[in-house]
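This report concerns only the one structure given below.
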Amino acid sequence: MPVDASDARPVLELERATKSFGAVRAIVDGTITLYRGEAHALVGENGAGKSTLVKILAGVHAPDSGDLRVDGIDVHFRGPADARDAGIAVIYQEPTLFPDLTVAENIFMGRQPVRAGRRIDRRAMNSAATEIFTRLGVVLDPDRQARGLSVADQQLVEIAKALSLNAQVLVMDEPTAALTNVEVDRLFGVVSTLRSHGAAVLFISHRLEEVFEACQRVTIMRDGAFVRTDPIEMLTVGDVITAMVGRKLDTMFPKTPSHPGDVVLEVRGLSRTGIFSDISFQVRRGELVSLAGLVGAGRSEVARAIFGIDHATAGSVTVDGKPLRLGDPLAAMAAGIALVPEDRRQQGLVMGLGIDRNVGLASLRRLRRRGLIPRSAERLLAEDWARRLQLKFARLTDTVSTLSGGNQQKVVLGKWLARDPRILIVDEPTRGIDVGTKAEVHRMLDDLTSQGIAVLMISSELPEVLGMSDRILVLREGRLVAEIGGSDATETSVMRAATGQEAA
Amino acid sequence: MTATLSPPRQGHTRFARAGFLMRVRELGIVLAIVLVFVAATSVNPAFARLDSVQQLLIGASIIALMGVGETMVILTRNYDLSIGSILGLSAYVIGMTFRAHPGTPIVLGFLIGIALGAAIGAINGWITTALRVPSLVVTLAMLYVIRGVDGVIVNGSIIGSDVVPRSFQAVGFATLFGIPWMAIIVVVVVAVAAYSLRSFRWARDLYAIGSSPEAADLAGIPAGRRVFTAFVVSGALAGLAGALFLALYAQIDVNGGTGYEFLVIAAVVVGGVAIFGGSGTVAGAALGAFLLNTINQALVATRISAFWNQAIAGALLLAAIAFDQWLKSRMTTKLQLEKGALREQSSD
């Protein structure tokens, strides 16, 4: 169905929306226009603000400023129910089902068909669900519990929910990430049926080939801002990628030439069923290797398996040629591995404890004197690292929750560096950190490699990956798909590998 | 397009079918009750006498009644620890009313208990939902606050059988066709609650809130209002339980109902209500109460030390929770394996 913007009124318009979370500006210019009968793609790098934009449309977040219009009328959603009543249905990246309820109940929650006395008519509800599944061409027992459904079937339930709403706008945030090829085809069939009924479909996907296959127009976002909207036939995959990443490397990456030594960390055939498989790579002394890839590609999961938090189902890890006992973080720590996790508030710090006690947490055994931890020893250690990391703080006993994001990250780094690690794994080391501290963290990582520490960095920020790495390993859907030398890598080559466009 | 669909996956549907597991669980409890009953009777035939069976029903009634309210609260992933104290206060206030106004109609006695409990439940619910304080803390505090207030009001005095009207006490011992009135009242409450929890939108919201709070938000479910209601119902039923307690024992002092909250939670969890919310039935909870009480009285009848009672109740509780966790992890593992298999197949 051709889309002619001139004669139709848009069904949904978002103009110059902004949204900040604390100091983090998630969206600075959220702009998108949807017409009836179109499939519209929204693309952008990790962190470009796509998911925040979706949540604004869904009524989950209220924009700080900007206009939202449905059928030309200004609307202000107070919650998801308002957006739903306005005819906007959203299918999230992660299915949001009630595992304990039945499939039919999940579809009709809060809108169950009722009979006399406002009692739920289960039979009518189940047959309505069956009817929708028939329209979708699938067979799914409506009276089955949602727990234990495969992710693809969960997506189907979400889609059925959206259909049951007779939504005029259907937003799908990465609906295909968990689907097989056959299921993706089936989904596209549904999308074209919906379009022919006059609904607008907003499709968020990292898989550009899908975008080109299923959509008529594409909107590109970068760094929380609208870049451009164009008919898809006017663009090539290359154009889209350039518009997604288009920016220059700045001077934030003080990378000094490295002199890699012997292999310290060797990963062979590491697999975890359903998450990632057959991952093999090496990291040398004094080398910084990045794991790049899209969110959900399995990067953090690989790191967690190396450190022993998650069990690997196959493969081995050796440190200095000695096999590492997998599934045992203490063994990993004893072998000299340190892991600075992605979520520092939940996993990296004890937010209610002081700086001194957080820094000492990973070194308690060393600090211990006759079974007790002397506060003085803890303080000495913390003072030392606070100075070395140029931590900004009032008192060492201040709880870490009072520190800025960047300083919190320094505390986590200090905690692990205090153990004198040989291998440092950092997961999103600069997420949510201001620019100045970011550069400091980069300098620190560079110092560590020149001291001979092997660093494995996971980052969703391409400039950081390109600016800091000796080598870049690209993961896609749980597989290692490319290894690119640091000097050969460009944003485009990494993005192509990460999105499955490496042939171009 | 729809002609090229993949074949549907229907594996394990019967196993995962809604209600199937619940029914297995409830049948298991019934079976356990029968086993305990038969075993106790074989040691001491008096266990099967009519009055003994009546005692089994009466003994389980109060716990089962409070179990209905507690089930509704736990379904939403909240906890009500104040119900034992509500029972005590309610019984005492009703008793005081009878002492001060000997002619008070017995129905009014019940209504006073229910209203008092509902009011306290409303406070619990309001603090939990409006101020966003974890209900575990709110109701634990309420447990002590009420106990303290109770102590001040009671001031060492005891309400005895002399002030409790005979007709009110009759609710505790009278029977209809051999079935104790107390058991009839509780069965009616359980039946109404069981039907409602299956049949009304607001009731399904309770399950949704406990099953996934995030999804409930996204679905626009008024979680605050529903949780508030659950606490009001729990309080009201605890207040009613106070009236039954007074009718049954015809006396109440400051310690009446102490520790009942844990008996009730144990019964509810043994009865198959998930401790983290989202699944379970009031019928299961009532059966759980009946099982624990049957074990208790079977130990008495077979002259086994009553200390075993607590150990057995605790062991059953652990077994119930372990079973639930095992089941959940089993289904999650299955999900991951399936996802992995699909991915392998699609990347070929």
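The values are calculated or read from the model by the stated rules, or taken from the named source; none is laboratory data. This structure is a prediction, so every number in the text was calculated from the model and none was measured. Cβ placement follows ideal geometry from the backbone for every residue including glycine, while neighbour counts extend to all protein chains displayed. When the accessible area is computed, the model is the full protein with side chains, heavy atoms only, and any ligands, DNA or RNA have been set aside. Shrake-Rupley method; radii C 1.70, N 1.55, O 1.52, S 1.80 Å.
Let me spell out the model: positive unit charges on the Cβ of Lys and Arg, negative unit charges on the Cβ of Asp and Glu, origin at the Cα centre of chain A. What dipole size does that give, in debye rounded to 20?
In debye, rounded to 20, chain A gives about 2120.
Could you check how much of the accessible area of the protein assembly as shown is carbon and sulfur, as a whole percent, using a 1.4 Å probe?
58 percent
Distance in nm between label sites at A:Arg395 and B:Ile321, each 7 Å beyond Cα in the beta-carbon direction?
3.9 nm
Against the longest alpha carbon principal axis of chain B, how many degrees, from 0 to 90 and to the nearest 10, is the axis of helix B:307-347 turned?
Around 20 degrees separate the two axes.
With each pseudo-label sitting 7 Å past Cα toward Cβ, what's the A:Asp262-A:His76 distance in nm, one decimal?
My value for the distance between the label points is 6.7 nm.
Starting from a Cα-only point model with no solvent, please compute log10 I(q)/I(0) by Debye for chain A at q = 0.11, 0.12, 0.13 1/Å.
Taking Cα atoms of chain A as identical point scatterers yields -1.02, -1.16, -1.28.
Once the Cβ-Cβ distance between A:His311 and A:Asp67 is put in as r, and R0 is 56 Å, what FRET efficiency do you end up with, to the nearest 0.05?
After rounding to 0.05, the efficiency reads 0.65.
Just the C-alpha atoms of the protein assembly as shown: what Rg/Rh do they give, with Rh taken as the Kirkwood radius?
1.03
Send over a whole-number figure in Å² for the accessible area per residue of segment B:239-293, probe 1.4 Å.
26 Å²
May I ask you to derive the FRET efficiency for A:Val481 and B:Glu214 from their Cβ-Cβ distance with R0 = 25 Å, giving the value to the nearest 0.05?
About 0.20, to the nearest 0.05.
Using label points projected 7 Å from each Cα along Cα→Cβ, tell me how many nm separate B:Gln310 and B:Ser329, to one decimal.
The modelled label-to-label distance comes out at 2.9 nm.
As an exercise, use a Förster radius of 60 Å and the Cβ-Cβ distance of A:Asn166 and B:Leu111 to find the FRET efficiency, rounded to the nearest 0.05.
Efficiency, from the Cβ-Cβ distance: 0.80.
Hey, if you put +1 on the Cβ of every Lys and Arg and -1 on every Asp and Glu Cβ in the protein assembly as shown, which of A:Leu57, A:Ala81, A:Leu170 ends up farthest toward the positive end of that dipole?
A:Ala81
How high is the relative contact order of segment B:17-336? Use alpha-carbon pairs under 8 Å, at least six apart in sequence, and give a whole percent.
RCO, segment B:17-336: 35 percent.
Run lengths n ≥ 4 of DSSP H only: what is the helix-derived mean residue ellipticity at 222 nm for chain B, with -39500 (n - 2.57) per run over all residues, to the nearest 500?
Calculated mean residue ellipticity at 222 nm is -25500 deg cm²/dmol.
Top mean-square fluctuation among B:Ala266, B:Ala48, B:Ala64, Gaussian network model of chain B, C-alpha springs under 10 Å?
B:Ala48
Roughly how much accessible area, to the nearest 100 Å², goes out of reach of solvent when B and A pair up, both sides summed, probe 1.4 Å?
Heavy-atom accessible area buried at this interface is about 4400 Å².
Angle between the Cα long axis of helix B:50-75 and the longest principal axis of chain B, 0 to 90 degrees, nearest 10?
Tilt relative to chain B: about 50 degrees.
How much mean residue ellipticity at 222 nm does chain A get from its helices, if each DSSP H run of length 4 or more adds -39500 (n - 2.57) and you divide by all residues, to the nearest 500 deg cm²/dmol?
Helix-only estimate at 222 nm: -9500 deg cm²/dmol.
What angle, in degrees between 0 and 90 and rounded to the nearest 10, separates the Cα long axis of helix B:106-130 from the longest principal axis of the Cα atoms of chain B?
On a 0 to 90 degree scale, this one is about 40.
Averaged across the residues of A:115-122, what count of C-beta atoms belonging to other chains lies within 10 Å of each residue's C-beta?
Average neighbour count from other chains, rounded to a whole number: 3.
Once Rh is set to the Kirkwood radius over Cα pairs, what Stokes-Einstein translational diffusion coefficient, in µm²/s, holds for chain B at a temperature of 25 °C and a viscosity of 0.890 mPa s?
In µm²/s, the coefficient rounds to 114.
Could you pull out which residues in segment A:185-228 have an amide N less than 15 Å from a spot 7 Å beyond the Cα of A:Thr242, following the Cα-Cβ vector?
A:228
How much length, in nm to one decimal, is gained on full extension between A:Arg370 and A:Ala334, taken as 0.36 nm per residue of separation minus their Cα-Cα distance?
Gain in length upon complete extension: 10.9 nm.
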